Amino acid sequence: MKRLLQAPNLALATLWADQLSAAGIPASVQRAFVSGIAGDMPPDQCLPEIWLFDDDRLDEARALLDEWRHPPWRHWACRRCHEIIDGPFEQCWNCGAERPQ
């Protein structure tokens with residue numbers, strides 16, 4: 001097993017580990033409940049961690065995680081309602097139309 005990273009909180013650690021597992025890279029969350037002793041231990045030692053079962057897929061997991069953490073930023077206008085959409089969204093928040101290609 002190889003540690004991929006420390007997550008800022010348990011919710012993100014669980015989400016990222018589940019996404020990696022769904023992508024075919026088995027991962028687990030370690031130190032899930034250590035935050036309860038954050039006064040007795042240094043806070044940076046009490047963060048949840050994501051560990052990979054397959055050491056050879058570390059680079060692939062890092063690339064996927066980077067892609068999820070930094071989605072593409074787009075600026076487009078909806079063809080149906082003319083709403084301006086910013087961010088990584090694929091649908092118009094106002095009318096639900098798909099982003100034009």
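Only the coordinates and a few stated rules stand behind these numbers; no lab work does. Since the model is a prediction, treat every value here as computed from it, not as a measurement. Cβ coordinates were reconstructed from backbone atoms using ideal geometry, including for glycine residues, and neighbour counts include every protein chain displayed.
Just add up the charged neighbours of residue 2: K/R +1, D/E -1, any other residue whose Cβ is under 13 Å from the Cβ of residue 2.
-3
Using the Karplus curve 6.51 cos²θ - 1.76 cosθ + 1.60 with θ = phi - 60°, what ³J(HN,Hα) values do you get for each residue of the stretch 4-18, in whole Hz, with x for Gly and Pro?
Values, residue by residue: 8, 5, 8, 9, x, 7, 5, 4, 5, 4, 5, 4, 5, 5, 5 Hz.
Using the Karplus equation 6.51 cos²θ - 1.76 cosθ + 1.60 (θ = phi - 60°), what ³J(HN,Hα) coupling, rounded to whole Hz, does each residue of the stretch 19-36 give in order, writing x for Gly and Pro?
After applying 6.51 cos²θ - 1.76 cosθ + 1.60, I find 5, 4, 4, 5, 7, x, 10, x, 9, 9, 9, 10, 6, 5, 10, 7, 4, x Hz.
So for the chain, averaging the separation of alpha carbon pairs under 8 Å that are six or more residues apart and normalising by length, what relative contact order in percent results?
Relative contact order, the chain: 24 percent.
Per residue of the chain, what 222 nm ellipticity follows from adding -39500 (n - 2.57) for every DSSP H run with n ≥ 4, rounded to the nearest 500?
-8000 deg cm²/dmol
Report the local net charge at residue 49: Lys and Arg +1, Asp and Glu -1, summed over other residues whose C-beta lies under 13 Å from its C-beta.
+2
Determine the sum of side-chain charges near residue 75: Lys and Arg each +1, Asp and Glu each -1, restricted to other residues whose C-beta is under 15 angstrom from that of residue 75.
Within the 15 Å Cβ shell, the charges total 0.
If amide H atoms are built 1.01 Å from N in the plane of the peptide, which residues on other chains or at least 5 residues away come under 5 Å of the amide H of residue 4?
Residues meeting the amide H criterion: 50, 51, 52.
Of 16, 51, 73, which has the largest mean-square fluctuation in a 10 Å C-alpha GNM of the chain?
The residue with the greatest mean-square fluctuation here is 73.
Report, to two decimal places, the Cα Rg of the stretch 2-69 normalised by 2.2 N^0.38 Å (N = number of residues).
Compactness ratio reported: 1.11.
Suppose R0 equals 25 Å; then what is the FRET efficiency for residue 22 and residue 89 from their Cβ-Cβ distance, rounded to the nearest 0.05?
It comes to 0.70.
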